[in-house]
Structure formats: C-alpha cells, structure tokens
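Reading through the structure tokens given below for one structure.
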Amino acid sequence: MFVEQLINGLAIGTIYALVAVGYSLVFGILRLVNFTHSSVYTLGAFMVYVGVEYLHLNIFLAILFSLVTTGFAGVMIDKMGLEPLRKKGASKISAMITTIGLSYIIINCLNIAFGSQIIRFPDLFNYGTFKLLGATIAWQQVIIGAVALILLVALSIFINRTRIGLAMRAVQQEPSAAAINGINVNMIISLTFFLGAASAAIAGTLIASYNQYLRSSMGDIVGLKAFAAAVLGGIGSLPGSVLGGLIIGVSESMAVYKLGGSYIDMVAFSLLFLVLLIRPYGILGRKGSTKV
Amino acid sequence: MKKKLCMLLALLLVVTTLGACGNGAAPASTASASASGGNPTDKTPIKVAVAGPLTGNYSEYGIGFDAACKIMVDKWNKDGGINGRPIELLSYDEKSSTEEGLAIAQLLCGEDNFYGVVGHFSASMAVGTLYTEERVPLISASSSSAGFTGQGDCCFRLNATISTETMGMLECAKTAGKTKLGVVYLNNDWGRNAYDNLKTLLQEKGNEDWEIVDAEEIAGGDMDYNAVISNLNAAGAETAIMFCYYDSVVPFTIKARTVMPDLNIVCGVNCYNDTFLKVGGKDVEGCMAPSVFAAVSDDPDVKYFVDEYKARTTQVPSSLTAQAYDAMGVLLTAIAENNGELDKEAILKSIQNNDYKGVTGSCSFSENRDATRNFSPMVVSNGQWIYY
Amino acid sequence: MALLEAKGITKKFGGLVAVDKLSFEVKQGEIVSIIGPNGAGKTTVFNMITGIYEIDEGEIVFDNKVISNKSPIYIVEAGISRTFQNIRLFKQMRVIENVMVGTHIKTNYNFFDALFRTKRFRNEERKATQKAIDILESIDLGDYINDYANNLPYGLQRRLEIARAIATGAKLLILDEPAAGMNPQESENLLNFIRSLQAKGYTILIIEHDMNVVMNISDRIYVMDYGKRIANGTPSEIASNPDVIKAYLGDASEILEEDDAV
C-alpha cells in the first residue's frame, strides 16, 4: 500500500516538476512569474489532440506538432505581450498582470473552439499493471515518470553543459554583461520561453494521456501546484523545481492514503506555507540566488 | 503606452466576461398559440414556466429541462390546449446562480394567468417560500436537498429523495452480487450527506446484505484518482458507490479499469445521460445506475418523448430531463382537471393527489410532497443504458 | 588612421545634455584615458560607444565602420568589448565558464547540433574550451580555471572581467574605472597587466579616477567637464593645464564614484 501510494505520488510529482521547471526558467531570466504557463500546458495537450483528431497525424508526429506550435506560442507570448512592455520599461507587476490576462485569453479561445467538456484523449502507454513488493503498479505511471525524468535530465544537461545553456545562465546572472559580451539577450529570452512552453506541452500531453481525457480547465489546479512546487524548491533553481514537484506529488498521495481525498488540494499549499516559514527562499533557493 | 495596454487588457477581460453571459434575462417565450376548439370566447393563454441554468457550469441540466418542457407543452397545444386555451411556456435562464433564480421567481410571481413552475436548479432552496406565499406550484425535477419540500406546501419534488436513490444504488450492487462497498463521495454538502445517509440506511437494515469496506472523500474534477483507487483496492472493495457527478465518475472509471478491472461501479442517477456515455466510451461499459427512466423502453409515450427529444437536441434524454418532462405533465394535467376553474388551491390539491403515469412511471407524491419512485437497476452496454 | 573616432557625439536625457558634441579618437595600439569630475558624462560616453545608449547627434566610427546606434551585439562583433565600473561577472559560474561566455559570439553550431551533440558541436566546444584556457593562462589566471568567480580575490575578479572581454575577440578594450576599490599594490599590478595587454597589441580606452594610474599608463588623456571636452594631450600636458586644474579644484578630493547609469 505504501509502495503503491509512493509510486502514485512520484508519477504525478514528476509532472509537477516538469511544469515547475517552466516557471523557474522564465522567472530565472526575467524575474517574472509567468502565469500563462498553466494555459500553455493545456494548449500543449490540445495541440496533440488537434494533431491526432483533425490533422490525422500519428501520435508521435502529433506530439512533435504540439511541441513546435506550443513552443512557438510561448515565444509569441513574450514577443507580443512582454517584450513591448520591457522595451517601454513597464513595471514587473504590469508584465505579471499581462500574463494573467493572456492566460485567460488562451483558455477562452480553447473554450470557444472545443467547449469546456471532457474530451477523450488517446492512452499512449497503457501496458497494464505489474506487481512490485505486493503493490499493483500501472506501467503508464512508470513510463510517465521515466519520460518526465529523462526530459528533466536532458534539460539540465542542456543548461549546464552547452554553451547555449551557458548563455542562458549568463543572461540570468548579469543581463547587461551578457549583452556586452555578444549574447543576443532577446534570442535567449525567446529560447527560454520556447523551452518552458515545450516542456509544459509535454507535461500536458503526459497528463492527458495518463487521465485519458483533456478539458480546458485541466491546467488550473496543476498550474497552481506546479507553481507551489517551484517556490517550494526555490524558484529559479532547476533542481529545486524537481525536488518541489516530487515532494508535493508524494505528499498528496500520502495525504489521500492517511487523511482522505479531500485533503489533496490543501497539502501542497500547507507544505509551501510551512517550508517558507523556515526557508523563505525555498528548499534549494538562496537569497538573491540567480542560479538555474 | 502602459496605460493603453492596461485599458486594452481590461477591455478584453470585460468582453470575454460579457460574452460568457451573453444570453440576457429576457424570457424566451414559446407561445404556441395554435390552439383550437373549446371555449371560443376565452383564448387567453394559460402560462406556465420552466427555469433552469441555460448557461454556466450546469447548463446541460437546464437545457435538458427546457427542451423537455417544450416538448410536453407543444404536445398539449397540438391536442387543443387546456379547455380551448393555448398554453404559453415562459422559459428563463437561471445562469447557474442563486441570485438570478430568485430574481426570476419574483418576476414570475408578478405574471397574470400564471399557474406553475417546473425546475429551478441552483436556486431551488431559495425560491420555495416565495412561491408558497404566492400559491404558485413549484415542481422540482432535480432537487437533492433534504429540506426542499419543507419550504412550503407548494413545493413538490419529482426527483427521488437521496435515501430512495441510495437504496436504488444498493440494489444495483446486490443485483451484481458485489456487496463489499467502497464509497467515493464528493467533499460538498450533497456528497457528505449522501454518505451519512447510506450509513444510516445500512444501520436501519441491520447491515446484513452490504458491507462498507472503505470510504473515500474526494475533491472531484481533475484530480489524480490513482491514490483513491489504491485505497479501494487495498480495502478489497467490490463495488464503488459513487456519490459524485459524472465529471468525476468518468475520470475515476478510466483509471480504475487499469488497476481494478473487476470493480463494479455504481453511480447516481445524474450519470444517466448522453455525455457520460460519449466521454466514457468503452471504459464506462458495465457501470450501473438506478433509474426511473429507460430510454430504451418500448412504451409508446417514452418512444414519443425520446424521438422528439433526439430530433430537437440530437441527444438521448437523461433521467433528470425525463423527470422534468413528467413534472410538466403533472402540472398541466392538474391545471386541466379543474375545468375552467383555475383555482390555485384546487390545482395544488390535484398535484398532490395525482395518479399521472409518465415516462418515468408513477408520479404520485407522499404526504410531504416527495415523489415515491421505483428504481430499476440499469447498466451501460454497447454505449447505452439498458435494464440490467 | 584612428581605430576609434567619435565625431561630435551628443546625448540628452530630457532637458539635460549629458554629453555635448564630444569628439575624440583612439589610435591603434594606444592607451587613452578619459578623465573628469563626477557627472562629467564619462560613463555615458562608454554606454554610447558600446550601444547601450542611442546617440542623439554625431557619429562613432570604429575600424572604418559606423557603429553608432547599432546593437550591442553588432558592436561586440565589430571588435569592441568593455568591463564595468562595478564588476559584473557571472558570479555563480566557474572562471572558465565566464570566459567561455565571451567566446559565445563565435559559436558556430545551432540548436539541433547542441541537442544531438553532433561532431561539429563537440569540435566547437573543444575549441572554445581550449581558447578559454589559453586566454586564462596568458593572463596568469590558469590556476583558477575551476574556481567560482565569486570566490576570486577582488583584483583577480577585475582581471577575469578583462579576460572575458578579450575572449570576444575584441581589438579595443574599454575599461570603466579598472582600479576602483583597489589598494596601491593591486593598482600597481593592474598597471603592469594593462601594459602587458598593450604589448600584446590591444588598444585600450580607460575611464579612471585614480590619477596615479591615469598619469602612469596613458599615452594620451582627454578631460571632460559637464559633458564637454575641456582638454586633451599627453599626461604631462594635462597635468599643467590650468583648465583641468580649475575643473578639479572644486572636487579635488573626489572619492565617491560616479553612479553607473546602465
């Protein structure tokens, strides 16, 4: 039972982590909480659905289609919504409100196009169940966790081991010095939005496939919890986001196990509250930390 | 520039909000004044109303009520109305809001030649006393609040009480031979109340036929149901009793099929609808629910209603929709019984004592104006609800 | 032929004229200093050269190309790199990574090369790493390659910032108060370091408050006051210029640094 619930928690936790990383990436580079992220996550899942249902692509092409379109949508959010504000020297709060507004617009568009009802989504990884230490575990949970983990590792390698990643870190730490050393700061910001949106698209697709349905409101709760995960782990810190996501995922399934299902939404935020009392910058966050 | 952007943003938000509630409060009157015969001197329409959420979160229920009542009124008007007078159906959008429902009730109470209401959804518990003061009959097709009929002697409930429905669900479990129950209930008043009710019922019955092995309170909606299912599995539940709406039942069922393929899933009558079947697809095959209504029935009245409803909405009517249809039937029959008199107290008495046989069976009321209903266990098979 | 030439450049902030029709030139291989009291507009001039500010009037020519009002990236690619008055290293990166950021501009692979770690990608990475090591060793930072920039002593942080500027392939190095906050010993080391850069063929433009540094190192000096050029010449000429002495008298004990307005 404990093992089962642990796996349940880790599976959903890696999804939170994948979404949380997107918040962290953009926050790291712009010092901005990007509230479009949860709607981009939803958009990503819908784009796979569009690819399969309307463009009749096979599932892998549909995911690729979603990655490109959603990633591009992320870049457009910055280019059309945020970059003009930065150029005019608008305050951070204007930019944040803009992201909230854009988020509503994206979700509203999805509502108009697809309605607000549950829509069935192909189950990509249904390979039944297996037994581990007496627990029944669905393969889809293992696969989802593994896919999310591989992506997180790949992202981490990209940021820490390539020179484009180096440029990203440079922009995060000292934007003016990065610019003066020949880094195209706007290009790096676009790339960051692309990566954030694409990872959200994958997370949305994984969840839609895990639940076997999607709907326009699917990002509401996950978006908030992933944001909580990012702050819990220390926003701006990539390992922090992963840790935060896993902690929230596991504590939720443990809450269902020990307390009951109605505590599920409370746990994430109670935990956040407690951790911030002790470590105001999150578990792996540092005061004024700019490290990804 | 910043200001302009803020303005633009504000404007967009306002526009989207307005768009969402664009269907204003104006009544969509469907006076089908094709009446003929009867008293040639008095052609004043007899007015009745249907009120339900046509927009907002619960719009699917209101839209169903609305269509069903229209079919019933049209049928009466085709047969010459009541005593030669045409029936005019006033249709109001409650917008899934209690305040809106109350405003509608106040409007209706000011109408002339007005004799009764079918419906209300969000505002059921707010409008009862008002209608009772004005002596307007209110027949609810959906209210699940225990206190609904206690609001006054004008409030009738055609929907089964929670105890009756729960008994129906227990019978489903018994019929399937899977009596170790895992209760999954929503963490709102209705869900908790339903679960408490189930416990009381089992105590009264001496708890012989059924056993509750696990109870899971859930937040509903897009949550990860795996943790809940793991608990049910560990407790050895054979039947899941679902006190939640179909938007939780479907995701739950999909997940349960992987880990607990043999779990018998019994849901409430609210899952007896088309969307449940469509979205659930192959995964909800075998799900059970008690119902007073079976769209697959051979009964000519049921056939007429189902065909007409399909023609107008392209959907199969849900159980609640069928109840709204019968509620309107009960109301019109009661009005017609008092030839030309149209005395409000007499109409109320006729409703109380009706022996109407509708598409959901007998519609008789108990002393405290709750319907006494007979449930049959239904099961999903080949994409439709059939008798078990 | 001058390597860098500013022709009557002007910068206004609202009604304030921060830099007023300023002209100067820097020849290949020279060390030129710009000095002046607080608020004279020196850092503004740097920001104009490096593309951070647009200029309102005039023209800046570098290596026969007009670089005024071009993007910072264009200017870096043209061969100008700078350091900051308050050190702006990537403090949570290693020393070698700081220098590799400078070489980023010469990167010759694309996103997909990086994603799939193609041969081209690996070659480019290896070349860049080797170049960074060479630069660091040439300026005696070879022992600190794997340290975090944050942990270097102050003097070495300055030096690292210059190394990063060199890594961009710059011909002209612009140093904004390189001796700020240094003790005499550190200043002395810095002087020697800058001279060694000149010997390697770099052209250097400096803003500096420390008169000792300026007088010791500069080939020529320009003096600014209230956005205008009030004098230019060799250190000895400047030292005896009555206008310069007058400009500095009211502010002779200048300690506070001009606010860097980037």
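The values are calculated or read from the model by the stated rules, or taken from the named source; none is laboratory data. What you see is a predicted model; the values in this text were computed from it and never measured. Note: ideal-geometry Cβ built from the backbone for every residue, glycine included; neighbour counts use all protein chains shown. Only protein heavy atoms, including side chains, enter the accessible area calculation; ligands, DNA and RNA are left aside. Shrake-Rupley method; radii C 1.70, N 1.55, O 1.52, S 1.80 Å.
Checking each residue in segment C:210-222 for being buried (at least 21 other Cβ atoms within 10 Å of the Cβ) and farther than 11 Å from residue C:32 by Cα picks out only C:213.
Conditions (1) away from chain A (no Cβ under 11 Å); (2) out of contact with any Gly (no Cβ under 8 Å at 6 or more places or on another chain); (3) in a loop (DSSP other than H, G, I, E, B), marked per residue:
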{"site": "C:55", "(1), (2), (3)": "yes, yes, yes"}
{"site": "C:58", "(1), (2), (3)": "yes, no, no"}
{"site": "C:69", "(1), (2), (3)": "yes, no, yes"}
{"site": "C:73", "(1), (2), (3)": "no, no, no"}
{"site": "C:76", "(1), (2), (3)": "no, no, no"}
{"site": "C:86", "(1), (2), (3)": "no, yes, yes"}
{"site": "C:96", "(1), (2), (3)": "no, yes, no"}
{"site": "C:102", "(1), (2), (3)": "no, no, no"}
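As a summary of the residue check, residue B:10 satisfies the conditions (1) modelled with pLDDT of 90 or more; (2) among the hydrophobic types (A, V, I, L, M, F, W, C); (3) open to solvent by less than 60 Å² (accessible area, probe 1.4 Å) except for the one numbered (1).
When you look at residue B:170, is it buried (at least 17 other Cβ atoms within 10 Å of the Cβ), outside any helix (DSSP H, G or I) and not assigned by TED's automatic domain parsing to the domain that holds residue B:135, yes or no? No; evaluated as a whole, the condition is false for this residue. For segment B:285-295, does any single residue satisfy the condition of being assigned by TED's automatic domain parsing to the domain that holds residue B:247, among the acidic types (Asp, Glu) and either open to solvent by 10 Å² or more (accessible area, probe 1.4 Å) or closer than 19 Å to residue B:49 by Cβ (or both)? Scanning segment B:285-295 turns up at least one residue that is assigned by TED's automatic domain parsing to the domain that holds residue B:247, among the acidic types (Asp, Glu) and either open to solvent by 10 Å² or more (accessible area, probe 1.4 Å) or closer than 19 Å to residue B:49 by Cβ (or both). Kindly indicate the residue of segment A:248-288 that is surrounded by 23 or more Cβ atoms within 10 Å (Cβ to Cβ) and aliphatic (A, V, I, L, M) and also nearest to the other protein chains (Cβ to nearest Cβ) among those meeting that condition. Checking each candidate, the answer is A:256. Filtered by the rule that a residue be assigned to a loop (DSSP other than H, G, I, E, B) and modelled with pLDDT of 80 or more, segment C:197-253 gives C:200, C:201, C:202, C:208, C:218, C:219, C:226, C:227, C:234, C:240, C:241.
Output the residues belonging to segment B:80-117 that are open to solvent by 10 Å² or more (accessible area, probe 1.4 Å) and assigned to a helix (DSSP H, G or I). B:98, B:99, B:100, B:102, B:103, B:106, B:107, B:109, listed by residue number.
Considering segment C:8-24, the residues that are under 20 Å from the mean Cα position of the chain (by Cα) and not β-branched (Val, Ile, Thr) include one that is most open to solvent (accessible area, probe 1.4 Å), namely C:23. Of the residues making up segment B:334-342, none is open to solvent by less than 30 Å² (accessible area, probe 1.4 Å), in contact with an Asp or Glu (Cβ under 8 Å, 6 or more places away or on another chain) and within 20 Å of residue B:69 (Cα to Cα). For segment C:132-161, what are the residues that are within 12 Å of another protein chain (Cβ to nearest Cβ) and either touching a helix residue (DSSP H, G or I) at 6+ places or on another chain (Cβ under 8 Å) or among the charged types (D, E, K, R) (or both)? Listed by number, the residues that qualify are C:132, C:148, C:149, C:160, C:161. Considering only segment A:9-22, I want to know if a residue exists there that is assigned to a helix (DSSP H, G or I) and touching a strand residue (DSSP E or B) at 6+ places or on another chain (Cβ under 7 Å). No - not one qualifying residue is present in segment A:9-22.
Quick check on residue A:167: is it more than 10 Å from chain C (Cβ to nearest Cβ), buried (at least 23 other Cβ atoms within 10 Å of the Cβ) and either without any contact (Cβ under 8 Å) to a residue 12 or more places away in the chain or among the small types (Gly, Ala, Ser) (or both)? So residue A:167 fails the test.
Each residue in segment B:118-135 was checked for being closer than 17 Å to residue B:331 by Cβ and surrounded by fewer than 24 Cβ atoms within 10 Å (Cβ to Cβ), and 4 pass. Out of B:219, B:234, B:215, one residue alone is open to solvent by 10 Å² or more (accessible area, probe 1.4 Å), without any contact (Cβ under 8 Å) to a residue 24 or more places away in the chain and of a type in the set (A, V, I, L, M, F, W, C). It is B:234.
Each row is one residue, and each column tells you yes or no for (1) open to solvent by 10 Å² or more (accessible area, probe 1.4 Å); (2) assigned to a helix (DSSP H, G or I); (3) out of contact with any Gly (no Cβ under 8 Å at 6 or more places or on another chain); (4) not hydrophobic (A, V, I, L, M, F, W, C).
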{"site": "B:230", "(1), (2), (3), (4)": "no, yes, yes, yes"}
{"site": "B:253", "(1), (2), (3), (4)": "no, yes, no, yes"}
{"site": "B:256", "(1), (2), (3), (4)": "no, yes, yes, no"}
{"site": "B:265", "(1), (2), (3), (4)": "no, no, no, no"}
{"site": "B:304", "(1), (2), (3), (4)": "yes, yes, yes, yes"}
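Conditions (1) within 14 Å of chain B (Cβ to nearest Cβ); (2) at pLDDT below 95; (3) over 28 Å from residue B:223 (Cα atoms), marked per residue:
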{"position": "A:8", "(1), (2), (3)": "yes, yes, no"}
{"position": "A:13", "(1), (2), (3)": "yes, yes, no"}
{"position": "A:16", "(1), (2), (3)": "yes, yes, no"}
{"position": "A:20", "(1), (2), (3)": "no, yes, no"}
{"position": "A:72", "(1), (2), (3)": "no, yes, yes"}
{"position": "A:76", "(1), (2), (3)": "no, yes, yes"}
{"position": "A:81", "(1), (2), (3)": "yes, yes, yes"}
